[in-house]
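Undergrad: The structure under discussion is supplied below as structure tokens; questions concerning it will follow.
The values are calculated or read from the model by the stated rules, or taken from the named source; none is laboratory data. Given the structure is predicted, the values throughout are model-derived calculations rather than measurements. Every residue, glycine among them, receives a Cβ derived from its backbone with ideal geometry; neighbour counts consider all protein chains shown.
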Amino acid sequence: MESGPIVTVVHSDQLPDPALMAPVSARATVRYTDSAGLVSALRGADVLFVYDFQTRAVPDAWPAADRLSWLHIGATGVDTVMFPELRDSDVVVTNTRGVFDTAIAEYVLGQILDFAKDLTGSTRLQQQEIWRHRESERVAGSTALIVGTGSIGRTIAGLLRAAGMRIRAVGRRACTDDPDFGTVATDLYAELPGADYVIAIAPLTDRTRHMFDGRAFGAMKPHARFVNVGRGELVVTEDLVTALESGAIAGAALDVVDPEPLPPGHSLWQLPNAHITPHNSGDFVGWRDDIVTTFTANFDRWLAGRPLDNVVDKTLGYVPG
């Protein structure tokens, strides 16, 4: 028999660790379901924990959410659950802001070092047993433009600055004395020509979708590299392919793509100046457990009637800084 508040957890093939969920299951009825069973599991639920943050089942199941007051998603990006009915409802949305920041920043620095030192090229030569002396680029003194000023962008800025890079940023509000970025501008096209590396970490919203198009890539330096750790839909993929093939930009490191997963035979796979990773820049050992503990800590607040952490502004589509 169900008692207390009802928490629905939608998962993929891997369930949350029961021991880590114990603070919730001891005080609530927990319903575990995959995407296919979400409709029935959502009826009567007070809380929805989207542990499988890649599921697309929430919008279709939404009519069954007859008692829901809080939705928590196990990711920083909330675009998969930002549909009109949820935006217009009284349901509070929270995310897992902070968990992935350092891992993603390390990934960005790693890709920049790979480009500057041509580590990928060295691996290819090793596989061919070719000893070829080459010179490399310096990272220190180059300029990184970070597009997106949330917590991940700020962590990226700190790590790249520690490597000697100059930092600028593009965000929604202009600022000349930001503690992490220094200068935050609002005009992307005005900033792109001055960047050696462009890092996309903006949230996916109607305003940012396809912001990196042919015009944007055309504004970049021919030796510039593009790193996307935000969402694949920030980019017009065909325009990126054209920019890479034509030499309009020197390279791209893509942890996210559109479409995703990238299908076999797609031209991005074969481009020597494209580095493709399978949306795992933030997936360090133990990340799934950290998702759960972030949720259980917020559950304590919810149960006690205290303000929740990481509340998403549903109009903006992210947690305001």
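Undergrad: Name the pairs whose Cβ atoms lie under 8 Å apart, with the first residue in the stretch 235-254 and more than 15 Å from Gln111 (Cα to Cα), the second in a helix (DSSP H, G or I) and among the acidic types (Asp, Glu), and 6 or more positions between them or separate chains?
TA: none
Undergrad: Let me ask something additional. Which is β-branched (Val, Ile, Thr), within 13 Å of the chain's Cα centre (by Cα) and crowded, with 17+ Cβ neighbours inside 10 Å, of Val58, Val93, Val78?
TA: On the way: Val58 fails: within 13 Å of the chain's Cα centre (by Cα); Val93 fails: within 13 Å of the chain's Cα centre (by Cα).
Result: Val78 is the single residue among Val58, Val93, Val78 that is β-branched (Val, Ile, Thr), within 13 Å of the chain's Cα centre (by Cα) and crowded, with 17+ Cβ neighbours inside 10 Å.
Undergrad: Out of the stretch 129-138, which residues are surrounded by fewer than 13 Cβ atoms within 10 Å (Cβ to Cβ) and either in contact with a helix residue (DSSP H, G or I) (Cβ under 8 Å, 6 or more places away or on another chain) or in contact (Cβ under 8 Å) with a residue 40 or more places away in the chain (or both)?
TA: Within the stretch 129-138, the first condition is being surrounded by fewer than 13 Cβ atoms within 10 Å (Cβ to Cβ), and the residues that meet it are 129-135, 138.
Scanning the stretch 129-138 gives Trp131, Arg132, Arg134, Arg138.
Per-residue answers, yes or no, for (1) farther than 17 Å from Ala304 by Cα; (2) in contact with a Lys or Arg (Cβ under 8 Å, 6 or more places away or on another chain):
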residue	(1), (2)
Gly4	no, yes
Ala28	no, no
Ser40	yes, no
Asp46	no, yes
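Undergrad: Here is a further query. Looking at Thr123 and the list (1) farther than 22 Å from Met220 by Cβ; (2) assigned to a loop (DSSP other than H, G, I, E, B), which single condition is not satisfied?
TA: Every condition holds for Thr123 apart from (2).
Undergrad: Of the residues Arg31, Arg87, which single one is buried (at least 18 other Cβ atoms within 10 Å of the Cβ), of a type in the set (Lys, Arg) and in contact (Cβ under 8 Å) with a residue 12 or more places away in the chain? Don't jump to the end; show me each part of the working.
TA: Numbers: Arg87 fails: buried (at least 18 other Cβ atoms within 10 Å of the Cβ).
None of the others qualify; the one that does is Arg31.
Undergrad: In addition: Looking at this structure, is Met82 of a type in the set (A, V, I, L, M, F, W, C), over 19 Å from Phe295 (Cβ atoms) and modelled with pLDDT under 95? Spell out how you get there, then give the answer.
TA: Details: of a type in the set (A, V, I, L, M, F, W, C): yes; over 19 Å from Phe295 (Cβ atoms): no; modelled with pLDDT under 95: yes.
Taking the combined requirement at face value, the residue does not satisfy it.
Undergrad: Residue check: is Gly141 in contact (Cβ under 8 Å) with a residue 24 or more places away in the chain, assigned to a loop (DSSP other than H, G, I, E, B) and over 30 Å from Gly286 (Cα atoms)?
TA: Numbers: in contact (Cβ under 8 Å) with a residue 24 or more places away in the chain: yes; assigned to a loop (DSSP other than H, G, I, E, B): yes; over 30 Å from Gly286 (Cα atoms): yes.
Against the criterion (in contact (Cβ under 8 Å) with a residue 24 or more places away in the chain, assigned to a loop (DSSP other than H, G, I, E, B) and over 30 Å from Gly286 (Cα atoms)), Gly141 qualifies.
Undergrad: Related question: Does Gly98 meet the test of being assigned to a loop (DSSP other than H, G, I, E, B) and either free of Cβ contacts under 8 Å to residues at least 24 places away in the same chain or under 17 Å from the mean Cα position of the chain (by Cα) (or both)? I'd like the intermediate steps shown before the answer.
TA: Details: assigned to a loop (DSSP other than H, G, I, E, B): yes; either free of Cβ contacts under 8 Å to residues at least 24 places away in the same chain or under 17 Å from the mean Cα position of the chain (by Cα) (or both): yes.
When the stated conditions are applied, Gly98 passes them.
Undergrad: Something else about it: For the stretch 150-164, indicate whether the set of residues that are touching a Ser or Thr at 6+ places or on another chain (Cβ under 9 Å), outside any helix (DSSP H, G or I) and crowded, with 19+ Cβ neighbours inside 10 Å is non-empty.
TA: Yes, the stretch 150-164 contains at least one residue that is touching a Ser or Thr at 6+ places or on another chain (Cβ under 9 Å), outside any helix (DSSP H, G or I) and crowded, with 19+ Cβ neighbours inside 10 Å.
Undergrad: Those residues that are in a helix (DSSP H, G or I) and surrounded by fewer than 20 Cβ atoms within 10 Å (Cβ to Cβ), I need them from the stretch 243-265; list them, please.
TA: Restricting attention to the stretch 243-265, the residues satisfying the condition of being in a helix (DSSP H, G or I) are 243-246.
Glu245, Ser246 - these are the residues of the stretch 243-265 that are in a helix (DSSP H, G or I) and surrounded by fewer than 20 Cβ atoms within 10 Å (Cβ to Cβ).
Undergrad: Do we find a residue being closer than 13 Å to Gly230 by Cα and not in a loop (DSSP other than H, G, I, E, B) anywhere in the stretch 266-283?
TA: No; the residues of the stretch 266-283 include none that is closer than 13 Å to Gly230 by Cα and not in a loop (DSSP other than H, G, I, E, B).
Undergrad: For the stretch 231-242, which residues satisfy the criterion of being surrounded by fewer than 24 Cβ atoms within 10 Å (Cβ to Cβ) and over 15 Å from the mean Cα position of the chain (by Cα)?
TA: Selection gives Val236, Thr237, Glu238, Asp239, Val241, Thr242.
Undergrad: Looking only at the stretch 200-215, decide whether some residue is closer than 27 Å to Ser151 by Cα, of a type in the set (Asp, Glu), exposed (fewer than 15 other Cβ atoms within 10 Å of the Cβ) and at pLDDT below 95.
TA: Scanning the stretch 200-215, I find at least one residue that is closer than 27 Å to Ser151 by Cα, of a type in the set (Asp, Glu), exposed (fewer than 15 other Cβ atoms within 10 Å of the Cβ) and at pLDDT below 95, so the answer is yes.
Yes/no per residue for (1) of a type in the set (Ser, Thr, Tyr); (2) touching a residue at least 12 places away in the same chain (Cβ under 8 Å):
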residue: Gly153; (1), (2): no, yes
residue: Ala163; (1), (2): no, yes
residue: Gly171; (1), (2): no, yes
residue: Pro179; (1), (2): no, no
residue: Thr186; (1), (2): yes, yes
residue: Arg215; (1), (2): no, yes
residue: Asn228; (1), (2): no, yes
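Undergrad: In addition: What number of residues in the stretch 288-321 are surrounded by fewer than 13 Cβ atoms within 10 Å (Cβ to Cβ), farther than 23 Å from Gln54 by Cβ and free of Cβ contacts under 8 Å to residues at least 12 places away in the same chain?
TA: Matching residues across the stretch 288-321 total 5.
Undergrad: Further question on the same structure: Out of the stretch 220-230, which residues are surrounded by 18 or more Cβ atoms within 10 Å (Cβ to Cβ) and closer than 17 Å to Gly247 by Cβ?
TA: In the first step, residues of the stretch 220-230 are kept if they are surrounded by 18 or more Cβ atoms within 10 Å (Cβ to Cβ); the result is 220, 224-230.
Residues satisfying the conditions are Met220, Ala224, Arg225, Phe226.
Undergrad: So, one more: Write out, first by first residue and then by second, each pair whose Cβ atoms fall under 7 Å of each other, whose residues are 6+ apart or on separate chains, and whose first residue, in the stretch 188-201, is over 18 Å from Leu234 (Cα atoms) while the second is part of a loop (DSSP other than H, G, I, E, B) and among the hydroxyl-bearing types (Ser, Thr, Tyr).
TA: Asp196/Ser142
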